[in-house]
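Each remark here refers to the structure printed beneath this line.
The values are calculated or read from the model by the stated rules, or taken from the named source; none is laboratory data. Predicted model only: the values in this text are computed from it and were never measured. Note that each Cβ is placed from the backbone with ideal geometry, even for glycine, and that neighbours are counted across all protein chains shown.
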Amino acid sequence: MAEITPIRTAAEVALVERFEDLKDKLPGSGEIARGRDEAFALIAAAGLPNRRVEEWKYTDLRSAVREAAPLAERPADAAALVDKGRAFAKVDAVRLSFANGHLVAERSDLAALPAGVTVTPLAAALAEGHPLLAEMGKVAVAKGNFALALNSAFMMDGALIKVAAGTAVDKALHLRFVNGGASPFATAPRIVILVEDGASVTVHESHEGVGTAAYQANSVVEIVAGNGTTITHARLNAEQADAIALSTLAVTLGAEAKLTSLGAVTGGSLSRHQVFLAFAGEHSSLTLGGATMLRGRQHADTTLVVDHAVPHCDSRELFKTVIDGEATGVFQGKIIVRPDAQKTDGRMMSAALLLSETATMNNKPELEIFADDVQCAHGATCGELDDDLLFYLTARGLPRAVAEALLVQAFLGEALELVEDEAVREELVARAEGWLGERT
Amino acid sequence: MLQINNLVVEIEGKRILNGLDLSVKAGEVAAIMGPNGSGKSTLSYVIAGKEEYEVLDGEILVDGENILELEPNERAARGVFLAFQYPLEIPGVSTMTFLKAIMNAQRKAREEAELTTPEFMKRVKAAAQELHIDQEMLRRGLNVGFSGGEKKRMEILQMALLEPRFCILDETDSGLDIDALKIVAEGVNTLRDPARAFLVITHYQRLLNHIVPDTVHVMANGRIVRSGGKELALELEASGYADYREQAA
């Protein structure tokens, strides 16, 4: 039988060349280098994901990525770049700053970390073979994922964060990613957060673009949460309007643990945020949610895989998407309930509001249930602003644009109100108002 | 104050108003009664500016200005207020936020200064008390989880706060028990003013025992077929609308 040689796009060919070029210069040797090779082998074999790949059906990277941008080097003016970032500026937090994916020590509170928190820069950790690296790649349902594999092949910096057992961290950690440059670049930062038994921590994550050239970001945050842990996570995508931004949150949640991860997306020409979560212990709960606001020709994808492998866990997902112009939203949410995961309670909702006739939403909720004593529900809606509501509001004196903004705010508010941290919530709400204010 | 001349309106090709003429003076409370399907609610929507109705002919003058080309919010700024038969629920928008937004939007349209928060609170509190609306309701999403009576009281509260010059009450009595009806009617009666006119649309005479009209108009088949004083309402209560249906047909 003849061997089939797939046709490679220019970007795919360049990606292979870049990896061959770089692999000996990236931090880490031995097992780490072998890990990079293995991860890249997946990419070399399959190429960029495209619409023929089920998980990427609605987000075709092969056609979106025309060129593979070179991996960003540490910018010479890294501190100045970080200083251009505005996200969560008013939020009281310990900051770890990243310029084009590289940790910027002079803009990070490494010397003022809260008690019980340790941070190791990833580049150094990879070079020395740090023991915490063993916490990477633990989520089974994320294995083989393109964005995760790409990050694993190219990861150049980031941080290993450990929250010691029993520590209630009194200040939020803010992972501040600021991207910017005068020529195209790619990033591959990796964050691993080990939260030991009984610890609790709040993590805010912001991604901003402040440069002039289009870039390709691909960040991965992994959280390994022990028993009895509480993790509160909020995330903002305010990437540059011409950026392609992939991001992954991969979580293993121990017993009697609680994780909340909420976010807002306004940036990127194409973005995809993936959450892979595995329940590894009983009586744990998960809340995921977000508000996505798109216009122009933006494309934003939210993809979730929640793996209920053990009994007695709850998961709640609430995602709101507002789409204007010719933009496209994607929501893919998969809840897997394994045979042993009795008494699972899972509820997933994705609601989209289309503000123009050329806006598109693709909703794909999936339940895979192999246990028989569970409660699972999912819903997906897609609609326009209600004419009767608009008439009611305008008849009371609100100009049409104000009435529309009020209804959109109310729609998004349901997801944003879940954010517990008041300062973060206010900023996300203000960004939603700002986005509405820019509507013409 | 309100002058409607030869109003002809269709929706989806179906004629609803058929050359309607109506005049309401400042200080007057005019009632419109009529059988179901006679076009009463359509008339209220067309005055307020609902989009899907097609006005084929005629004019609606408020203080001499034809308002047909104006947006609903522009009509509101000129003092037109419609109390809805079925007030809508808006989850996620607190009643307080909403009240402040509508009051300030109208003030802005009239080039008046925005209300300060204490002034706003003072006005809302006073008006709410009069209508037996408690503070807890004001914190909830607009009309969310409100009973039929509570929704109608909330409409009257908005009317009191916006101080419109021309008020339309569309079947405000529907779904109200007698106690709720009395509260709503009292709320309306306190707003009666020589400079303000009311158009009270109702199917039943009951509401007019509590809001006593100066004039009563009978509507059938999309036009006013008879006009008279308040005694006309009593006559209709006794005889029903059968005569008018035949007349219209």
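Is it fair to say B:Leu157 is closer than 22 Å to B:Asn189 by Cβ, within 14 Å of chain A (Cβ to nearest Cβ) and assigned to a helix (DSSP H, G or I)? For B:Leu157, the condition - closer than 22 Å to B:Asn189 by Cβ, within 14 Å of chain A (Cβ to nearest Cβ) and assigned to a helix (DSSP H, G or I) - is met. In the set A:Arg396, A:Arg400, only one residue is closer than 28 Å to B:Phe98 by Cα, surrounded by fewer than 19 Cβ atoms within 10 Å (Cβ to Cβ) and within 14 Å of chain B (Cβ to nearest Cβ); that residue is A:Arg400. Considering region B:144-157, the residues that are touching a strand residue (DSSP E or B) at 6+ places or on another chain (Cβ under 7 Å) and of a type outside the set (Asp, Glu) include one that is surrounded by the fewest Cβ atoms within 10 Å (Cβ to Cβ), namely B:Val144. Only one entry of A:Ala238, A:Ala250, A:Ala291 meets the criterion of being of a type in the set (Gly, Ala, Ser) and more than 18 Å from A:Glu208 (Cβ to Cβ), and that entry is A:Ala250. Could you list, in sequence order, the residues of region A:409-434 that are of a type in the set (A, V, I, L, M, F, W, C) and either over 17 Å from A:Met349 (Cα atoms) or more than 14 Å from chain B (Cβ to nearest Cβ) (or both)? Once the filter is applied, which keeps residues that are of a type in the set (A, V, I, L, M, F, W, C) and either over 17 Å from A:Met349 (Cα atoms) or more than 14 Å from chain B (Cβ to nearest Cβ) (or both), region A:409-434 yields A:Val419, A:Ala423, A:Val424, A:Leu428, A:Val429, A:Ala430, A:Ala432. Within region B:42-89, being among the β-branched types (Val, Ile, Thr), over 17 Å from B:Ile156 (Cα atoms) and in contact with a helix residue (DSSP H, G or I) (Cβ under 9 Å, 6 or more places away or on another chain) holds for B:Ile47, B:Val55, B:Ile60, B:Val62, B:Ile67. Looking only at region B:83-98, which residues are crowded, with 20+ Cβ neighbours inside 10 Å and within 17 Å of A:Pro399 (Cβ to Cβ)? B:Ile90, B:Val93, B:Phe98, listed by residue number. Could you please find all residues in region B:162-177 being in a loop (DSSP other than H, G, I, E, B) and more than 10 Å from the chain's Cα centre (by Cα)? B:Glu163, B:Pro164, B:Arg165, B:Asp173, B:Ser174, B:Gly175, B:Leu176, B:Asp177, listed by residue number.
The test for being out of contact with any strand residue (DSSP E or B) (no Cβ under 6 Å at 6 or more places or on another chain), in contact (Cβ under 8 Å) with a residue 12 or more places away in the chain and either of a type in the set (Lys, Arg) or under 23 Å from A:Phe146 (Cα atoms) (or both) does not hold for A:Arg272. Restricting the search to region A:317-367, which residues are part of a loop (DSSP other than H, G, I, E, B) and either on the phi > 0 side of the Ramachandran plot or of a type in the set (A, V, I, L, M, F, W, C) (or both)? Listed by number, the residues that qualify are A:Gly325, A:Ala327, A:Ala341, A:Lys343, A:Leu355, A:Ala359. For region A:105-147, the candidate set comprises residues that are in contact (Cβ under 8 Å) with a residue 24 or more places away in the chain and among the charged types (D, E, K, R); within that set, the residue that is surrounded by the most Cβ atoms within 10 Å (Cβ to Cβ) is A:Arg107. Going through (1) crowded, with 17+ Cβ neighbours inside 10 Å; (2) more than 14 Å from chain B (Cβ to nearest Cβ) one by one, A:Asp372 falls short only on (1).
Residue by residue, here is whether (1) at positive phi; (2) part of a helix (DSSP H, G or I); (3) of a type in the set (Asp, Glu) holds:
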| site | (1), (2), (3) |
| --- | --- |
| A:Ile43 | no, yes, no |
| A:Arg51 | no, no, no |
| A:Glu67 | no, no, yes |
| A:Leu81 | no, yes, no |
| A:Phe88 | yes, no, no |
| A:Phe98 | no, no, no |
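Restricting region B:207-249 to residues that are basic (Lys, Arg) and at pLDDT 90 or above, the residue that is farthest from B:Tyr45 (Cα to Cα) is B:Lys230. Residues in region B:188-226 that are more than 14 Å from the chain's Cα centre (by Cα), assigned to a strand (DSSP E or B) and farther than 14 Å from B:Leu236 by Cα: B:Arg223, B:Ile224. Just one of the listed residues (A:Thr292, A:Thr260) is closer than 25 Å to A:Arg176 by Cα, without any contact (Cβ under 8 Å) to a residue 60 or more places away in the chain and not aromatic (Phe, Trp, Tyr), and it is A:Thr292.
Okay, residues lined up against (1) crowded, with 20+ Cβ neighbours inside 10 Å; (2) touching a strand residue (DSSP E or B) at 6+ places or on another chain (Cβ under 8 Å); (3) free of Cβ contacts under 8 Å to residues at least 60 places away in the same chain; (4) under 19 Å from B:Pro213 (Cα atoms):
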{"position": "B:Lys122", "(1), (2), (3), (4)": "no, no, yes, no"}
{"position": "B:Glu130", "(1), (2), (3), (4)": "no, no, no, no"}
{"position": "B:Arg165", "(1), (2), (3), (4)": "no, yes, no, yes"}
{"position": "B:Lys182", "(1), (2), (3), (4)": "no, no, yes, yes"}
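Only a single item in (1) surrounded by fewer than 20 Cβ atoms within 10 Å (Cβ to Cβ); (2) among the β-branched types (Val, Ile, Thr); (3) touching a Phe, Trp or Tyr at 6+ places or on another chain (Cβ under 7 Å) is not met by A:Val94, and it is number (3).
Only strands (runs of 3 or more DSSP E) whose full extent lies in region B:23-132 are considered here, and the ones with at least 2 residues that are away from chain A (no Cβ under 13 Å) are B:29-33, B:54-62. Listed by first and then second residue, the pairs with beta-carbon distance under 6 Å, at least 6 apart or on different chains, first residue in region A:313-326 and under 23 Å from A:Ala255 (Cα atoms) and of a type in the set (Phe, Trp, Tyr), second outside any strand (DSSP E or B) and modelled with pLDDT of 95 or more, form an empty list. Taking region A:51-81 as the range and being in contact with a Lys or Arg (Cβ under 6 Å, 6 or more places away or on another chain) and modelled with pLDDT of 95 or more as the test, the residues that pass are A:Lys57, A:Thr59, A:Asp60, A:Ala79.
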